[in-house]
Amino acid sequence: PVFVELPIDTLYPLYALEKELLTKKQPKGFVQYIAALYTRAYINRLFSRAWNPQDTSPLCSSYPFAKDKHVQKVADMVHKAKKPLFLIGSQATLPPTKASTTGKLLEDLGIPCFLGGMSRGLLGHNNSIHIRQRRTDALKEADLVILAGTVCDFRLKYGQSLSSRSKTVIVNRSKTNLYLNARISWSPTLALQADPGYFIHQLSAALEGYQCDPAWAKELKTREEVKEKANLEKSE
């Protein structure tokens, strides 16, 4: 079930809004006069361009893509890393790359993933590389962290959760989100304004034949199972 609450001015036409907000009685006193004047001005401004012709043609879609040299640079980092980690955000599920394709590419790489936002479910149920628990500990140990659509906001303690000893690559469509809280709590090794989903596609192609050491994912999965067992015992 979905509950959608919309403002009254988007639900009803002008006459209905005037009936709801404007009183027929003459305002008494200076305060009521100012309130009525403000309300009338608000309605006039709200509907001032309501009847002007509007362009309703489809908007052109454009996606920023990472340059091949930057993708190769990340691929080199992955090859050298012993404990790489993916933090996947909502943007990784958006077009032009299908979410199912992105999920398959991540599985082929075998790099452990923490999923957030709309990317939850990207790897199906109980995937061996999908890690849900003890992310802070994993970030402390990782020597390469790739933020694909994830931003350094409160969920990552504004970047403080990232280890200064690890290399950090961030990929985001938004330039603002790329450097959110950067150089205050954290510093990116490489920041790419690009579509995260397609970047994973590009990275997978550059890493053809690569497979992350399964022992790393297994170690994180074992910790997760211990944590979830402890949580279950607390709930009983």
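The values are calculated or read from the model by the stated rules, or taken from the named source; none is laboratory data. Worth saying up front: this structure is predicted, and the values here are computed from it rather than measured. All Cβ positions, even for glycine, are placed from backbone atoms using ideal geometry, and neighbour counts span all protein chains on display. Heads up: the accessible areas ignore ligands, DNA and RNA and are worked out on the full protein's heavy atoms, side chains in. Shrake-Rupley method; radii C 1.70, N 1.55, O 1.52, S 1.80 Å.
Can you say whether Leu87 is surrounded by fewer than 22 Cβ atoms within 10 Å (Cβ to Cβ) and in contact with a Leu (Cβ under 7 Å, 6 or more places away or on another chain), as far as the supplied structure shows?
Judged against the criteria, Leu87 is not a match.
Could you tell me how many of the residues in the range 141-157 are closer than 21 Å to Arg120 by Cα, open to solvent by 50 Å² or more (accessible area, probe 1.4 Å) and either hydroxyl-bearing (Ser, Thr, Tyr) or touching a residue at least 40 places away in the same chain (Cβ under 8 Å) (or both)?
Residues meeting the conditions: 0.
Does Lys218 satisfy the criteria of being of a type in the set (D, E, K, R), out of contact with any Lys or Arg (no Cβ under 8 Å at 6 or more places or on another chain) and more than 14 Å from Leu109 (Cα to Cα)?
yes
With the checklist (1) assigned to a loop (DSSP other than H, G, I, E, B); (2) of a type outside the set (Val, Ile, Thr); (3) closer than 21 Å to Gly116 by Cα in hand, flag the one item Leu192 doesn't pass.
Of (1) assigned to a loop (DSSP other than H, G, I, E, B); (2) of a type outside the set (Val, Ile, Thr); (3) closer than 21 Å to Gly116 by Cα, only one is false for Leu192: (1).
What pairs come up if the first residue lies in the range 104-131 and is more than 15 Å from Pro196 (Cα to Cα), the second is open to solvent by 40 Å² or more (accessible area, probe 1.4 Å) and not in a helix (DSSP H, G or I), and their beta carbons are under 7 Å apart, counting only those six or more places apart or on different chains?
Short answer, once both residue conditions are applied: Gly110/Gln211.
Kindly provide the set of residues from the range 197-225 that are in contact with a Ser or Thr (Cβ under 9 Å, 6 or more places away or on another chain) and open to solvent by 70 Å² or more (accessible area, probe 1.4 Å), ordered by number.
Tyr198, His201, Pro214, Lys218
Going by the conditions given, is Ser61 surrounded by fewer than 19 Cβ atoms within 10 Å (Cβ to Cβ) and free of Cβ contacts under 8 Å to residues at least 24 places away in the same chain?
Here the answer is no, as Ser61 does not meet what is asked.
Considering the range 1-39 alone, what residues qualify as being open to solvent by 80 Å² or more (accessible area, probe 1.4 Å) and charged (D, E, K, R)?
Once the filter is applied, which keeps residues that are open to solvent by 80 Å² or more (accessible area, probe 1.4 Å) and charged (D, E, K, R), the range 1-39 yields Glu5, Lys19, Glu20, Lys24, Lys25, Lys28.
Go through the range 166-179 and count every residue that is open to solvent by less than 10 Å² (accessible area, probe 1.4 Å), over 23 Å from Thr101 (Cα atoms) and either in a strand (DSSP E or B) or touching a Cys at 6+ places or on another chain (Cβ under 8 Å) (or both).
Result for the range 166-179: 1.
Would you point out which residue out of Ala182, Ala194 is open to solvent by less than 20 Å² (accessible area, probe 1.4 Å), at pLDDT below 95 and closer than 24 Å to Lys67 by Cα?
Every option except Ala182 fails the conditions.
Can you tell me which residue within the range 45-92, out of those that are within 25 Å of the chain's Cα centre (by Cα) and among the small types (Gly, Ala, Ser), is nearest to Glu219 (Cα to Cα)?
The residue in question is Ala81.
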